[in-house]
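The values are calculated or read from the model by the stated rules, or taken from the named source; none is laboratory data. The model shown is predicted, which means the values in this text are computed figures rather than measured ones. Neighbour counts are summed over all protein chains in view; Cβ atoms, including those assigned to glycine, are modelled from backbone coordinates with ideal geometry. Note: accessible area is taken over every heavy atom of the protein model, side chains too, but ligands, DNA and RNA are not part of it. Shrake-Rupley method; radii C 1.70, N 1.55, O 1.52, S 1.80 Å.
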Amino acid sequence: MTARPLHVVGARPNFMKAAPVVAASARLGLDPMLVHTGQHYDRRMSEIFFDQLGLPEPDLNLGVGSGSHATQTAALMSALERTMLDAKPSQVVVYGDVNSTMAAALVAAKLLVPVAHVEAGLRSFDRTMPEEINRVVTDRVADMLFAPSDDAVAHLRNEGVEERRIHLVGNSMIDTLVRFRDRLDPNGTRRALGLPDRWGVVTLHRPGNVDDPARATAIVASLAQLASRLALVVPLHPRGRDLLAGAGLLDTPGIAVVDPLGYVDFMSLMAGAALVVTDSGGIQEETSILGIPCLTVRPNTERPITVTAGTNRLVEPAEIASAAAEALAAAWSPAAIALWDGAAGERIAAILAAISSP
Ligand code: UD1
């Protein structure tokens, strides 16, 4: 019987990590099944990525939607349990650190279905981040842990994960960037958004930044300072829009706030940018490979390799404008990180296939 891994995705950052693994699994004859939990549901947060990345239509969309952490996680778990009981997958493959990831891992583990975690071992050691809880819990119950980098492997070893379960495979999100790199069109996107020749990109959506009025106000004030020297474009995540708007983001000269962009437009915008200011996890990695300076508005990162590689710097809100001035005055080139080479999906699928075969 053909092994039938069930890949679970739910939120925007899952899609670019899963696409290369699902495609490589199909090439190896694994007959993958794809379930979308519906954690993200707006077209610009979800469907556009399926279209652009060539992800197959999900076999099922559970339509779970938004809610408090407990409400959303409970709804995810109930729906995923029914799905797994029906589908009887050979393995469940989960991605990253969103609530859908942890919910799927817990359900599968309790149904005794082997769990594979893509992007295992990342740690910010900051339990105030919901994603850190999701990472720790998912890795604790996973049977196969696909680590993107050496630091992630070291964390798993320190936590006592058996060596045979840990696989250093690289970064499947970077596979997607490598695949699309030649198709990026920074100038076309710049013209479409009416930007000048030189611009910076800003993304903000972390609860730690956008749910706290004092911090959101401090960030907007620093961005206003920076915008007097560099045009900024902010593709804004729906979370926190009201609070950031209240802090004046939409009315600041030099800052263009736009709706969330699809993968190709967003990566095009970033590939041509002089600078990126963000609180995203994945963007810290993508800027490293693109060779764009990245200021991460967070006290810590689960991706310290992007800091040691040189392109990423952690900043407090008040430091944004001065750190940006330093970054803009320096020369930048892409970082070389072992196994972030466009072939992580192939490596993961090969391991899934080897474990699935009798
Ligand atoms: C989730 C992930 C986060 C990831 C982010 C990427 C968790 C705990 N968080 O955060 O790690 O970086 O996705 O985008 O899983 N909303 C919409 N439309 C949508 C989806 C969400 O309007 O399609 C709004 C709703 O108001 C919702 C809020 O965004 O309540 C938060 O959505 P949720 O899925 O809970 O978390 P994110 O902040 O998107």
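Here the Karplus relation 6.51 cos²θ - 1.76 cosθ + 1.60, evaluated at θ = phi - 60°, turns the backbone of the range 16-23 into coupling constants of 6, 7, 7, 3, x, 6, 5, 5 Hz, with x for every Gly and Pro. Peptide packing: for 183-191, 277-285, the average count of neighbouring Cβ atoms within 10 Å per residue gives the ranking 277-285, 183-191, highest mean first.
Would you mind classifying the range 23-79 by shape? Square roots of the alpha carbon gyration tensor eigenvalues, ordered a ≥ b ≥ c; an a/c under 1.5 is rounded, otherwise it is prolate if a/b is larger than b/c and oblate if not. Oblate, because a/c is 1.5 or more while a/b does not exceed b/c. Amide H contacts of R4: S90, Q91, each under 5 Å away and 5 or more positions distant or on a separate chain (H built 1.01 Å from N in the peptide plane; Pro and chain starts excluded).
In whole angstrom, the range 30-184 maps to an equivalent ellipsoid with semi-axes of 23, 21, 16, each derived as √(5λ) from the alpha carbon gyration tensor and ordered largest first. Sort the range 181-328 into rounded, prolate or oblate with this rule: let a ≥ b ≥ c be the square roots of the eigenvalues of the Cα gyration tensor; rounded if a/c is under 1.5, and if a/c is not under 1.5, prolate when a/b is larger than b/c, oblate otherwise. It is rounded, given that a/c, with a ≥ b ≥ c, falls under 1.5. For the range 181-328, the share of DSSP beta bridges that are antiparallel, to the nearest 5, is 0%. Taking the C-alpha atoms only, the angle from helix 213-227 to the longest principal axis of the chain is near 60 degrees. Normalised by the number of residues in the chain, the average gap of Cα pairs under 8 Å and 6 or more apart makes the relative contact order 18 percent. Couplings 3J(HN,Hα) for the range 49-62, derived from phi with the Karplus relation 6.51 cos²θ - 1.76 cosθ + 1.60 (θ = phi - 60°), are 6, 4, 5, 6, 7, x, 5, x, 3, x, 4, 8, 10, 7 Hz, where x marks Gly and Pro. Taking the protein heavy atoms of the chain in the context of the full set of protein chains, the accessible area attributed to carbon and sulfur is 54 percent at 1.4 Å. The relative contact order of the range 293-348 comes to 35 percent, based on Cα pairs under 8 Å that sit 6 or more residues apart.
Note on the chain: Cα Rg divided by 2.2 N^0.38 Å, N the number of residues, gives 0.96. For the pair D42 and R181, what calculated FRET efficiency results from E = 1/(1 + (r/R0)^6), where r is the Cβ-Cβ distance and R0 = 30 Å, to the nearest 0.05? Using R0 = 30 Å, I get an efficiency of 0.70.
Label separation (L112 vs H69): 3.2 nm, computed from points 7 Å beyond Cα along the C-beta direction. A 1.4 Å probe run over the protein chains yields, for the chain, 40 Å² of accessible area per residue, whole-number rounding.
The residue among L195, A321, H237 whose Cα reaches farthest toward the positive pole of the charge dipole of the range 181-328, with charges on the beta-carbon of Lys, Arg, Asp and Glu, is L195.
Taking the Cα centre of the range 181-328 as origin and assigning +1 to Lys and Arg Cβ atoms and -1 to Asp and Glu Cβ atoms, the resulting dipole is close to 180 debye.
The gain in end-to-end length when the K88 to V136 segment is fully stretched comes to 14.7 nm, 0.36 nm per residue minus the alpha carbon separation. Working note: 222 nm ellipticity from helices only, DSSP H runs with n ≥ 4, each -39,500 (n - 2.57), summed and divided by the residues of the chain, gives -13500 deg cm²/dmol to the nearest 500. Between Y95, Y263, Y41, the GNM of the chain built on Cα springs shorter than 10 angstrom shows Y41 fluctuating the most. Our coupling estimate for the range 296-312, obtained by passing each phi through the Karplus curve with A = 6.51, B = -1.76, C = 1.60 and θ = phi - 60°, is 9, 8, 8, x, 7, 8, 7, 10, x, 4, 6, 7, 5, 5, x, 8, 10 Hz, Gly and Pro reported as x.
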